[in-house]
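The values are calculated or read from the model by the stated rules, or taken from the named source; none is laboratory data. What you see is a predicted model; the values in this text were computed from it and never measured. Don't worry about glycine lacking a Cβ; one is built from the backbone with ideal geometry, like all the others, and counts go over all protein chains shown.
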Amino acid sequence: GAGVSQSPSNKVTEKGKDVELRCDPISGHTALYWYRQSLGQGLEFLIYFQGNSAPDKSGLPSDRFSAERTGGSVSTLTIQRTQQEDSAVYLCASSLGISGLAAYEQYFGPGTRLTVT
Amino acid sequence: ILNVEQSPQSLHVQEGDSTNFTCSFPSSNFYALHWYRWETAKSPEALFVMTLNGDEKKKGRISATLNTKEGYSYLYIKGSQPEDSATYLCAPPPGNTPLVFGKGTRLSVIA
């Protein structure tokens, strides 16, 4: 079956522009996560969707960042008025998220490399 | 914020050497732990989910142990090969918010 897909794979944008990053999770996975990895840093949690529950937005670094998940499937991460410090690899992951620890195993997409010039 | 520490930050070993590294976490908070492997230019992939104190998992030459009472997990690689070169990440399962991955141990195996 298909894994987690993300688009675009690379995005170069000018400072101040808005960008949208897309994630298609594995079919049937109810949980979806966004992370980013800045140069030389570890994985930084951004936001987490679980089913119909309100998303956990505690990792979003500023109000320029937002994400939505439509129909419990596809998710879009939007960054408004991009800054150079937003340059990073943005990773999406999904998990079954139903019950049991194995259900929380995350399957990662290939990532979107964002470069803000 | 729950803190997950990994050490060492990076490691260089010769092909054939065995090695191990550590994931430390607040023992009162974590009841389970995931290990992930992240190769350059690829996505992180799950290696193990550790669930019980004293749990030990093995996959080929790679094994891991978990001690929830003292708050650590070890990952061991026996007879390292160049294809083992990757960053190894540990993380609690979702439910401990915010979700926290360790910064990883970057392993380089030199042929």
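Assorted remarks:
- Filter pass, B:Ser27 being without any contact (Cβ under 8 Å) to a residue 24 or more places away in the chain, more than 14 Å from every other protein chain (Cβ to nearest Cβ), surrounded by 13 or more Cβ atoms within 10 Å (Cβ to Cβ) and touching a strand residue (DSSP E or B) at 6+ places or on another chain (Cβ under 9 Å): no
- Among (1) over 22 Å from A:Gly109 (Cβ atoms); (2) in contact (Cβ under 8 Å) with a residue 40 or more places away in the chain, the one test that B:Asn53 misses: (2)
- In region A:57-70, the condition of being more than 12 Å from chain B (Cβ to nearest Cβ) and assigned to a helix (DSSP H, G or I) is met by at least one residue.
- Search result, residues across region B:35-51 that are over 9 Å from the mean Cα position of the chain (by Cα) and either crowded, with 19+ Cβ neighbours inside 10 Å or within 19 Å of A:Gly42 (Cα to Cα) (or both): B:Trp38, B:Glu39, B:Thr40, B:Ala41, B:Lys42, B:Ser43, B:Pro44, B:Glu45, B:Ala46, B:Val49, B:Met50
- All positions within region B:30-42 that are at the interface with another protein chain (Cβ under 9 Å from one of its Cβ atoms) and in contact with a Leu (Cβ under 7 Å, 6 or more places away or on another chain): B:Ala32, B:Tyr36, B:Trp38
- Count of residues meeting criterion [more than 11 Å from the chain's Cα centre (by Cα) and at pLDDT 95 or above] in region B:12-34: 8
- Conditions (1) surrounded by 13 or more Cβ atoms within 10 Å (Cβ to Cβ); (2) without any contact (Cβ under 8 Å) to a residue 60 or more places away in the chain; (3) outside any loop (DSSP other than H, G, I, E, B); (4) not aliphatic (A, V, I, L, M); number of the one not met by B:Lys58: (1)
- Qualifying residue in region A:71-84 (condition: more than 10 Å from every other protein chain (Cβ to nearest Cβ), closer than 16 Å to A:Val19 by Cα, in contact (Cβ under 8 Å) with a residue 12 or more places away in the chain and in a helix (DSSP H, G or I)): yes
- Residue in region B:3-10 that is surrounded by fewer than 14 Cβ atoms within 10 Å (Cβ to Cβ) and on the phi > 0 side of the Ramachandran plot present: no
- Meets criteria (more than 18 Å from A:Tyr107 (Cα to Cα), touching a helix residue (DSSP H, G or I) at 6+ places or on another chain (Cβ under 9 Å) and not acidic (Asp, Glu)) for B:Arg37: no
Results for (1) surrounded by fewer than 19 Cβ atoms within 10 Å (Cβ to Cβ); (2) out of contact with any Leu (no Cβ under 8 Å at 6 or more places or on another chain), shown as yes or no for each residue.
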| site | (1), (2) |
| --- | --- |
| A:Leu60 | yes, no |
| A:Leu77 | no, no |
| A:Ala88 | no, no |
| A:Ala93 | no, no |
| A:Thr112 | no, no |
| A:Thr117 | yes, yes |
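- Taken together, the criteria place B:Leu66 among residues that are more than 22 Å from A:Leu91 (Cβ to Cβ), touching a Ser or Thr at 6+ places or on another chain (Cβ under 7 Å) and crowded, with 20+ Cβ neighbours inside 10 Å.
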